[in-house]
Amino acid sequence: MELTKLFALIGKVQNYAWGGFDFIPNLLGKENENKPEAEYWMGAHTNAPSTILTPDGEVSLNTYIDSDKVEKLGSKIAADFGKLPFLFKVLDVHEMLSIQVHPTKKNAEIGFKLENEKGIPLNAFNRNYKDDNHKPEIMVALSDFWLLHGFLPKTQLKEVLATVPEFSSLISVFETGGYKELYKKVMELSNEECNTLLSPLIDRIVPLYLEGKLEKFSPDYWAAKSAVSSTNSGIIDKGIFSVYFFNIVQANKGEAVFQDAGVPHSYLEGQIVELMANSDNVLRGGLTPKHIDVPELLKHVGFTETHPEILHGELQSDGLERIYKTVAPDFELSKIEIKKTDSYKSVSKTAVILIVVEGEIEISEGITCLKLEKGSSAFLEANSKYQIRTNKKAIIYKATAP
């Protein structure tokens, strides 16, 4: 009897405060539970593993993979990683995310070990390292999407410091100490010092924001939005400095941005699919009610200028699949667009997770055939020979390892 390698997959919704109320419920075809739905996780991370529908019933994906890693993942991925190496997500960013950075693999292993030795529970509020893995990540916009990505080039940052009156005292710090001393200076300010420095700025830009006079390409817009939406009465968030010091990037639908370890960033607004190494390690520095650890953040930030690169993906020879290639060995993200006359065919080298974001499809592998509507997902084992068709047109995002 031929065993199936193709399964319907059910992910997990994460109800973080910054999420929206409509996009993910609409995508998944369900009612909102009257709380923000920020992320939809598809993968085998221990914090929120997906389930797959097998002939024997629902099974946790990580349990299923652990039953035979070589069979499910392929021999190379099983040997190199020992687990599903990626975590696939859909994000709906309604409020700005935390200013954050991700550690390298080596530093994640060190931090995870140290926090374990200190006896800090994995679910503790003040836990920085949830696992021992790095977290490079790529995002592809599902809508007009805004983010902060790395430090401004030197000339641009100098111009910001010179033209924003409240930052004039920081010019000499940047000239003598560069990015590191500038960022360290503002992130280590006391709440009182931060309020004194930023209050005139906030008082000046908030009225303009409320009157609709600020553009999203201006840091004033995001700084004012942060101040207006803040629930931390009497304390101005230090994350506002990052809004002025980092690149503001707009990604149009279908465009991608890759963020490696050490690149400070923040998602500002919009919806994306995101693929990352199988990790939940985030070091935060502001714009969040979650745990902030400035000293730990500063240890891992790469203090260099960043020139943002918008990735458009490489269209494959079939004319259907567009692969967004990165240097990360853990994952590969692609977008598949098909219409009624198309048939997408592939053989998976390792495990694959698919999600339909527009339309509906029929996917077949061996004797197994699944019909997937918008918002539905599937899991394919390594060495699956599969085919995808649609009655009209469909857009699918595919996560695998290179």
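Take the conditions (1) surrounded by fewer than 22 Cβ atoms within 10 Å (Cβ to Cβ); (2) in contact with a helix residue (DSSP H, G or I) (Cβ under 6 Å, 6 or more places away or on another chain); (3) modelled with pLDDT of 95 or more; ASP132 misses just one of them, which is (3). Taking residues in the range 52-67 that are closer than 17 Å to LEU380 by Cβ and free of Cβ contacts under 8 Å to residues at least 60 places away in the same chain, and partners anywhere that are open to solvent by less than 40 Å² (accessible area, probe 1.4 Å) and part of a helix (DSSP H, G or I), the pairs with Cβ atoms closer than 8 Å and at least 6 places apart or on different chains are THR54/TYR64; TYR64/LYS72. Per the listing LYS5, LYS89, the residue uniquely within 16 Å of ILE353 (Cα to Cα), in contact (Cβ under 8 Å) with a residue 24 or more places away in the chain, among the basic types (Lys, Arg) and open to solvent by 20 Å² or more (accessible area, probe 1.4 Å) is LYS5. Would a scan of the range 331-342 turn up a residue that is touching a Pro at 6+ places or on another chain (Cβ under 9 Å) and open to solvent by less than 70 Å² (accessible area, probe 1.4 Å)? For the range 331-342, residues touching a Pro at 6+ places or on another chain (Cβ under 9 Å) and open to solvent by less than 70 Å² (accessible area, probe 1.4 Å): present. The conditions of being in contact with a strand residue (DSSP E or B) (Cβ under 8 Å, 6 or more places away or on another chain), open to solvent by less than 10 Å² (accessible area, probe 1.4 Å) and among the aliphatic types (A, V, I, L, M) are not met by VAL282.
The range 1-79 holds strands (runs of 3 or more DSSP E) entirely within its bounds, and those carrying 2 or more residues that are of a type in the set (Phe, Trp, Tyr) map to 39-43. When you look at PHE151, is it touching a residue at least 24 places away in the same chain (Cβ under 8 Å), more than 30 Å from LEU380 (Cβ to Cβ), surrounded by fewer than 19 Cβ atoms within 10 Å (Cβ to Cβ) and under 24 Å from the mean Cα position of the chain (by Cα), yes or no? Judged against the criteria, PHE151 is not a match.
Does the range 262-274 contain any residue that is of a type in the set (S, T, N, Q) and outside any strand (DSSP E or B)? Write out each step before concluding.
Step one: of the range 262-274, the residues of a type in the set (S, T, N, Q) are 266, 271.
Going one step further and asking which of them are outside any strand (DSSP E or B), we end up with none.
Scanning the range 262-274, I find no residue that is of a type in the set (S, T, N, Q) and outside any strand (DSSP E or B), so the answer is no.
Residues in the range 97-123 that are open to solvent by less than 20 Å² (accessible area, probe 1.4 Å) and of a type in the set (A, V, I, L, M): 4 in all.
The values are calculated or read from the model by the stated rules, or taken from the named source; none is laboratory data. Here the structure is a predicted model, which is why all the values come from computation and not from measurement. Ideal geometry is used to build each Cβ from the backbone, glycine not excepted, and the neighbour counts take in all protein chains shown. These accessible areas exclude ligands, DNA and RNA; they are computed on the full protein's heavy atoms, side chains included. Shrake-Rupley method; radii C 1.70, N 1.55, O 1.52, S 1.80 Å.
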